[in-house]
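Everything below concerns the one structure shown next.
The values are calculated or read from the model by the stated rules, or taken from the named source; none is laboratory data. What you see is a predicted model, and the numbers here were worked out from it, not measured in a lab. Here the Cβ is made from the backbone with ideal geometry for all residues, glycine too, and neighbour counts use every protein chain on show.
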Amino acid sequence: MDEAEVGEGARIPEGLNSAKVAFLDYLTLERRLSPHTRRNYAHALGCFFLWLQRDARGMVLEPTQVTRLHARSYLIEAQSLYSRRTIRNHVSGLRSFFKFCQKRKWTEGNPFHNLTLPKPEKPLPKFLTEDQVVKLLAQPESLESKQANHAFKPSRDLMILELLYSGGLRVSELVGLDYGHLDSSRSAIRVLGKGRKERICPIGSKTVRTIHSFRDNFAKDASLDSPIVINHRGKRLSVRSVQAILKKYLRSAEL
């Protein structure tokens, strides 16, 4: 279905169209959503309303005529037309539209409420080549030196990258590491993973030296219970903070 065909000027019955226009105005004037987001909502509504006009169960003229059966049938047919992500976005928009109509007494129920959706696709994991890893590990010193920052950041960020790469850790596992988890003699670290399952991850002698170097220079008073990955104030970094650090270096390495 062509996007232009289902835009804000799509030919749909007056009752549905009036509700659609009121809803889109509400998104712009009251919720102050961006024009891009407004267009996405308009597209979701347009696709569904045009489908309603082609449905064999009869012409739907008003929001109150849309039933749960319409919603389920549309969801089934949409799976042969759109990606799972698009379907989930469409249903989210339609659910918001009918919630808007409910509040204004234009319909009694929300046909898209609690509708079972297809599970989102899981993207295949991306792996870096050895050359790409070398390039990534060079970024903290290269990028931070250009910004004339203190040595704390490049030292800490190199440690973060080495731990993630050598230990194969999740970011959530990384931020939970304490110095008591480190086994320097075995070049390994104890990790608490999903379901609170514990495992031992080899990290290599180079990463162990990087951790000790960071501790000697920036966390001399750290105890066994102290976090390894910290900010300038010695507080444990959050998952979101580490994700932002990773994105910065991946972008600077053009990966």
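Within the stretch 180-233, being at positive phi and out of contact with any strand residue (DSSP E or B) (no Cβ under 8 Å at 6 or more places or on another chain) holds for GLY195, ARG196, GLY204. For the stretch 216-255, the tally of residues that are farther than 18 Å from LEU164 by Cβ and assigned to a helix (DSSP H, G or I) stands at 3. Taken over the stretch 177-215, the residue count meeting the criterion of being under 33 Å from the mean Cα position of the chain (by Cα) and assigned to a helix (DSSP H, G or I) is 14.
Only residues that are at pLDDT below 85, loosely packed, with under 15 Cβ neighbours inside 10 Å and within 28 Å of the chain's Cα centre (by Cα) were counted across the stretch 1-46, and they come to 4. Of the numbered criteria (1) more than 23 Å from ALA219 (Cα to Cα); (2) of a type outside the set (Phe, Trp, Tyr); (3) in contact with a Gly (Cβ under 8 Å, 6 or more places away or on another chain), the one ILE189 fails is (1). Among the residues of the stretch 159-176, those identified as within 16 Å of ARG199 (Cβ to Cβ) and either more than 20 Å from the chain's Cα centre (by Cα) or at pLDDT 95 or above (or both) are LEU163, SER166, GLY167, GLY168, GLY176. Among the residues making up the stretch 71-94, those that are touching a helix residue (DSSP H, G or I) at 6+ places or on another chain (Cβ under 9 Å), part of a helix (DSSP H, G or I) and closer than 24 Å to ARG38 by Cβ are ALA71, TYR74, LEU75, ALA78, THR86, ILE87, ASN89, HIS90, VAL91, SER92, GLY93, LEU94.
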